[in-house]
Amino acid sequence: MSVAVIQFPGSNCEYETLHSLNVVGLSADIVPWNSDHLDLSTYKGFVLPGGFSFQDRVRAGVVSSKLPILGFIKERALDGYPVLGICNGCQILAESGILPDYNPDISMGMGLAPNMNEQSYHGFVCDWVYVKIKNPQGSLFTRYFNDTDVIPIQINHGEGNFKFFNKELVQTSTSTQLIYSDEIGDVSFSYPTNPNGSEFNMAGLCNQSGNVLAMMPHPERGMFWYHIPRYLNHDLSSQRRKGVLTDGPWKKMFESLRDYIQETY
Amino acid sequence: MALSDNDLKQIKEILKRDPSPVEYYIFDAMWSEHCSYKSSKPILKRLPTKAESVALGIGEDSGIVRFHNHDGESYCIAISHESHNHPSQILPIEGAATGVGGCVRDVYCMGADVIGVLNSLHFGVKNGSDNFFVEEIEEKVIQGIADYGNPLGVPVLGGETLYHSSYNDNCLVNVAALGLIKEKNIIHSYVPKQAESEPYKIILFGKPTDSTGFGGASFSSDTLDEDNKETNVGAVQVHDPFLKRVFVEAIKACLTYLEEESIEIGFKDLGAGGIACATSELAVSGGFGVALDLDKVLISDPRLKPEVIACSETQERFAMAVPATHTQAILDIFNKQFQIPDLHPQAGASCIGVVTKEKTYKINYQSNIVCDLDVATITTQVHADRYSQPRIIEKEATINAELNKNILLEDICNTYLNSKLNASKRYVYRFFDNAVKGNTVIYPGEADAVVIKPIPDSKTGLAVSMDSNLYGNTDPYTAGAYAVSESIRNIISVGATPLALTDCLNYGNPEKPTVFFDFEQGVDGIRDAANQLSFHKSDPIPIISGNVSFYNESKQGNAVVPSPVICAVGKIDDIAMAKTSQVFNENVTLVRIGKRYEEFAQTQLEPYLSEYSNVAPQVRFDQEKKQNKLVLDLYKDNLLESCHDISMGGLWVSVVEMILGERGKPFVGLELDLSKSTHILAELFSENGGYVIATYNIDAVKQRCEQQQIDNDVIGNTISNKQLRVKTATETMQWDLDDMSRQWNQFNP
């Protein structure tokens, strides 16, 4: 009942991601990109961690998406196994065409463009932002959240700007989506509420059956109480300042994954 | 090329023949200021480097200090502190990136995992169209650091950005890298004794050797010359953080293998002087010799000359001395397990030579001996006689400071808010990943120091800070002493106790006696502060690592402001205790700790004064130490809500930052009552070391200050109105915090 954290050449968030899985009681391994498929067959879940796999050559995530290991993970995703892509992992899932799955005839339905504000490119951003979750019950990863939650999370990317092939399908979809909002939950397109120019303020999204989640922000950096900055104008920061915060908000996501794997396999 | 006629003459005398081209470049690198410290060595001996807590002192690639015992293991922090000033001026992206790259390699090769970097950036000031590239250099240096640290997966844990016109032709880019290592796993930068009883080989791994950075060491040891721009550009190395990230993982696998097999190795990174410097130092410091076969080196271009292969400074390379019986296993980790040759053409690991008991340094290339030196020759201590020319430095202010006519206090306050020196630096640090590895507890910009939790399952925190100042032209001693005292205040300010210091000393041409005097004074200031600000009964706060960068000058030959940069690390027993600068609640009382003096030379107030003594802000060690102790005691008794040190910009900038916070989003307003202050200029703008603390229990704080005879004053209270009101004896000034926030955030996106 183990989870595989896939290490590509250039991944760099694999250890804290592994730690997050371990802390909630999931056993997990870091599994290199060039591992044999047989070595992967026992795993019940797959995480593609953050980083700069293959140096972002051509475009972030492209080279990794063409590896045999992604073919294997695609099969597993279709079989209903949990697959989570964070940051570079999100870019890889986009490039591999695993997400979105609104229209099976489209081989690649979205891409992650360079960060923009209303007018221009503005480069890499490391910052704390807020997200809301649309239809949290629709995914095994987000079912412990409410759709009214406004959750702080860190972003760290230069290319996190979601662009969709068919906007209408995204808009009418009922699958789970993570949406950038401000600290009180209002969704506006303007910077810095939308930190990178993503269409629909998209921060992450799930497939229709809810077992695959691709997200640009880093949930493994919101696991513990000490991850939440003291300075945010948010209840969690206020709890931290009072010394009563016990966990980070994103621990629930890993707990939900744990429970799903235990319930299912 | 930096070897002087005199050097060449000396080399011929030692060798009793002409040096071969390879030998020539080996001497060129090894005898350069950069590698030999020929000007600075006698002065650097003054620094206090020894203490009980030091696990590995100066002399190897990083210094190491003991940090915390946990689960029966002694966890240590390894630090390397380097400059990359000249390369960053010439090619800012590559220069700054390789500055980070070189510094982290020094830490990795001790066997440590790099847990963070800090950078001190000193940029010029744009002055019309005269120096249009000042801004471009700033932008690209920042990009270079981000381009390296982000892919490598190492968080930037703060630092500083300063602006001064003396950096217009010579920016400063200083980097410190910090690593975590268990004491029992420290690997040394020399061939182990074991090599006496079994054969050892030299493995080189990394990017394929090319011609980049050829002559880099001697280039950094000379003044930048516009006419040589093309050759200078070739001397800057090219970075590849992606490949480095893969090598870091492969190194981890190697070290695990070596630990399991209980094998001792020697491990060194390749920096200045390339293969020649690294392999000779690896062997020589262990008491051995080396025989290299240059044909075995993985190269990018078959046309490279032997002296280029031997001495270029291609990035992302390491050398390891390994028992012959295990070389194949190590090569396989790089070349097969991690498939490095498939990721980058010609990259990987190869065995390039053997360790010899005969103390010679020999290099073979295409069946010819291209270098044959006695080890003793290479290690010949070179030193240069330098002279310092003292000048009189005023230490005591005797004149009452007077403002220029027609200048209002309020205008000065506003000008401070609009200065890039004081404004929010989020426009710099938003490019840097500050939380990869998941250890960050206090983030850059929210407190005087950044705090991380580096040991899993331990609540012990590591506080880090990097600081310098602009006082050096008036008082070079104070520049050193103040840099130490400020970095220590920053550590104290989050509730940590200082553990160790590192220094990077940036000066002009040491052959000029006035410059050399500044350098000597800076070292003395650092020495005295490190000795006198320590809480330990007999030990100083040890200086465990450092670097000297000379020849930082303008085109006209004027040196940069003497710029000693200090990195301090400290320990906090429980990360839950750490506080930040911002005040979040109403009815909190603000107290100023530490006496103010009218010492305004080189401060931000100086341009507004018609009369003042030419005295820079002095560091009074006894007072500072008492204040530091007080703050830690207040932490212990839970009497603090927030804490911020007073340094550049004085109390005014400190309180503004306490109200605005990292985001520039105030939670409360503030009413400052300074009406009893008889020296309002000193009260608001003096840059003497001190603190502003926020407390709910003013009586207890007052009592402690009085018991310990520490100068203090209640300066105000937080209020619900989002305003900042300042009452002086003669006037009341008032700011709307929304306006103030806009000013403070004006350089941010």
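For segment A:3-264, with every protein chain kept in place, what is the accessible area per residue (1.4 Å probe, Å²)? Intermediate results must be reported in sequence, preceding the final value.
Values: 9230 Å² over 262 residues.
Ligands and nucleic acids excluded, the result is 35 Å² per residue.
Quick check: from the Cα gyration tensor, does segment A:124-265 come out rounded (a/c under 1.5), prolate or oblate?
On the way: a/c = 1.87, a/b = 1.12, b/c = 1.67.
Oblate shape, in that a/c is at least 1.5 and b/c is the bigger or equal ratio.
Amide H to amide H under 5 Å from B:S545: which residues, 5+ apart in sequence or cross-chain, H placed 1.01 Å off N in plane?
Here B:D503 satisfy the definition.
Can you list the residues of segment A:1-49 whose accessible area drops by at least 30 Å² going from the chain on its own to the full set of protein chains, with a 1.4 Å probe?
When all protein chains are present, A:Q7, A:P9, A:G10, A:N12, A:Y15, A:E16, A:W33, A:N34 each give up 30 Å² or more of accessible surface.
Please report the accessible area of B:R620 (heavy atoms, 1.4 Å probe, ligands and nucleic acids excluded) in Å², nearest 10.
60
With every protein chain left in place, what is the accessible area per residue of chain B in square angstrom, probe 1.4 Å?
Details: 26410 Å² over 749 residues.
The answer is 35 Å² per residue.
Expressed as a rounded percentage, what relative contact order does segment A:168-262 have, with Cα pairs under 8 Å and six or more residues apart?
20
Do any trypsin sites (Lys or Arg not before Pro) in segment B:484-563 lie in a DSSP loop with no more than 15 other beta carbon atoms within 10 Å, and if so, which? Walk me through the numbers before you get to the answer.
Working: sites: B:R489, B:R527, B:K537, B:K555; in loops: B:K537, B:K555.
Sparse-neighbourhood loop trypsin sites (Lys or Arg not before Pro): B:K537, B:K555.
In whole Å, how far is the Cα centre of segment B:1-43 from that of segment B:636-688?
Measuring centre to centre over Cα atoms gives 53 Å.
Say the cut-off is 30 Å between C-alpha atoms; which of B:K395/B:K626; A:K163/A:K252; A:K132/B:K636; B:K512/B:K595; B:K405/B:K555; B:K629/B:K722 go over it?
On the way: B:K395/B:K626 21 Å; A:K163/A:K252 28 Å; A:K132/B:K636 39 Å; B:K512/B:K595 37 Å; B:K405/B:K555 36 Å; B:K629/B:K722 33 Å.
From B:K395/B:K626; A:K163/A:K252; A:K132/B:K636; B:K512/B:K595; B:K405/B:K555; B:K629/B:K722, over 30 Å: A:K132/B:K636; B:K512/B:K595; B:K405/B:K555; B:K629/B:K722.
Taking only C-alpha pairs under 8 Å that are 6+ residues apart, what is the relative contact order of chain A in percent? Walk me through the numbers on the way to the answer.
Details: 618 pairs, mean separation 48.7, N = 265.
Averaging sequence separation for qualifying contacts and normalising by length gives 18 percent for chain A.
How big is the B-A contact in terms of buried accessible area, both chains counted, 1.4 Å probe, rounded to the nearest 100 Å²? Each step should come with its number before you reach the end.
Details: alone 28100 and 11100 Å², together 35840 Å².
In total, this chain pair buries about 3400 Å².
Using the Kirkwood formula on the Cα atoms of segment A:3-264, what hydrodynamic radius do you get, in angstrom to one decimal? Walk me through the numbers on the way to the answer.
Values: mean 1/r = 0.0550 Å⁻¹.
Evaluated on segment A:3-264, it is 18.2 Å.
Just read off the accessible area of B:D240 with the full protein assembly in place, 1.4 Å probe, to the nearest 10 Å².
10
So what J values fall out for segment A:255-265 if you push phi through Karplus, 6.51 cos²θ - 1.76 cosθ + 1.60 with θ = phi - 60°, rounded to Hz, Gly and Pro as x?
Ordered by residue, 3J(HN,Hα) equals 5, 5, 4, 4, 4, 4, 5, 5, 5, 9, 10 Hz.
Quick one: compute the contact order of chain B, relative version, from alpha carbon pairs under 8 angstrom and 6+ residues apart, as a percent. The partial results should precede the final answer.
Working: 1864 pairs, mean separation 111.7, N = 749.
In percent, rounded to a whole number, it is 15.
With θ taken as phi - 60° and the coefficients 6.51, -1.76 and 1.60, list the Karplus ³J(HN,Hα) couplings across segment B:184-194 in order, rounded to whole Hz; mark glycine and proline as x.
Residue by residue, segment B:184-194 yields 5, 9, 5, 10, 8, 8, 8, 5, x, 4, 3 Hz.
How far is the Cα center of segment B:288-337 from the Cα center of segment B:575-618, in Å?
Cα centroid of segment B:288-337 versus Cα centroid of segment B:575-618: 54 Å apart.
Once you have the alpha carbon radius of gyration of chain B, what is it after dividing by 2.2 N^0.38 Å, with N set to its residue count? Let's see the in-between values first.
Values: Rg = 26.3 Å, N = 749, 2.2 N^0.38 = 27.2 Å.
With N residues counted in chain B, Rg over 2.2 N^0.38 Å equals 0.97.
So if R0 is 41 Å, what FRET efficiency would B:K459 and B:F132 give, r being the distance between their Cβ atoms, rounded to the nearest 0.05?
Working: r = 50 Å, r/R0 = 1.23.
Once the sixth-power term is evaluated, E becomes 0.25.
In sequence order, what are the phi-derived ³J(HN,Hα) couplings for segment B:302-312 according to the Karplus relation 6.51 cos²θ - 1.76 cosθ + 1.60 with θ = phi - 60°, rounded to whole Hz, with x for glycine and proline?
x, 7, 4, 6, x, 5, 6, 4, 6, 10, 5
What aspartates and glutamates sit close enough to B:K140 to cross-link, taking a C-alpha to C-alpha distance under 18 Å and skipping anything fewer than 8 places away on the same chain?
B:E94, B:E160, B:D169, B:D240, B:D433
Hey, rough spin-label estimate for B:L408 and B:T380, points 7 angstrom out along Cα→Cβ, what's it come to in nanometres?
Once both label points are built, they end up 7.0 nm from each other.
Taking H placed 1.01 Å from N in the peptide plane, check which residues at least 5 places from B:A559 or on another chain put their amide H under 5 Å from its amide H.
Amide H neighbours of B:A559: B:S554.
When N counts the residues of the protein assembly as shown, how does its alpha-carbon radius of gyration compare numerically with 2.2 N^0.38 Å, as a ratio?
Working: Rg = 28.7 Å, N = 1014, 2.2 N^0.38 = 30.5 Å.
Against the compact-globule rule of thumb, the ratio is 0.94.
For a quick check: with amide H placed at 1.01 Å from N, whose amide H comes under 5 Å from B:T360's, ignoring anything fewer than 5 positions away on the same chain?
For B:T360, whose amide H was placed from the backbone, the distant partners under 5 Å are B:G289, B:V290, B:V375.
I'd like the Kirkwood hydrodynamic radius of segment B:588-697, using the inverse of the mean 1/r over distinct C-alpha pairs, in Å. List each step's numbers first, then the result.
Values: mean 1/r = 0.0673 Å⁻¹.
Evaluated on segment B:588-697, it is 14.9 Å.
Residues of segment B:423-470 with accessible area at least 40 Å² lower in the all-protein-chain context than alone (1.4 Å probe)?
Buried-area filter returns B:R430, B:D433, B:V436, B:G438, B:V441, B:Y443, B:E446.
What is the percent carbon and sulfur in the accessible area of chain A, measuring with a 1.4 Å probe over the protein chains and ignoring ligands?
On the way: 4780 of 9430 Å².
Looking at chain A in its full context, I get 51 percent from C and S.
Going from the alpha-carbon gyration tensor of segment B:49-191, what semi-axes, largest first and in whole Å, does one get by taking the root of 5 times each eigenvalue?
On the way: eigenvalues 227, 38, 31 Å².
They are 34, 14, 12 Å, listed largest first.
The values are calculated or read from the model by the stated rules, or taken from the named source; none is laboratory data. Please read all numbers here as calculations on a predicted model, not as lab measurements. Methodologically, a virtual Cβ is constructed for each residue, glycine included, from the backbone with ideal geometry; neighbour enumeration extends over all protein chains shown. Heads up: the accessible areas ignore ligands, DNA and RNA and are worked out on the full protein's heavy atoms, side chains in. Shrake-Rupley method; radii C 1.70, N 1.55, O 1.52, S 1.80 Å.
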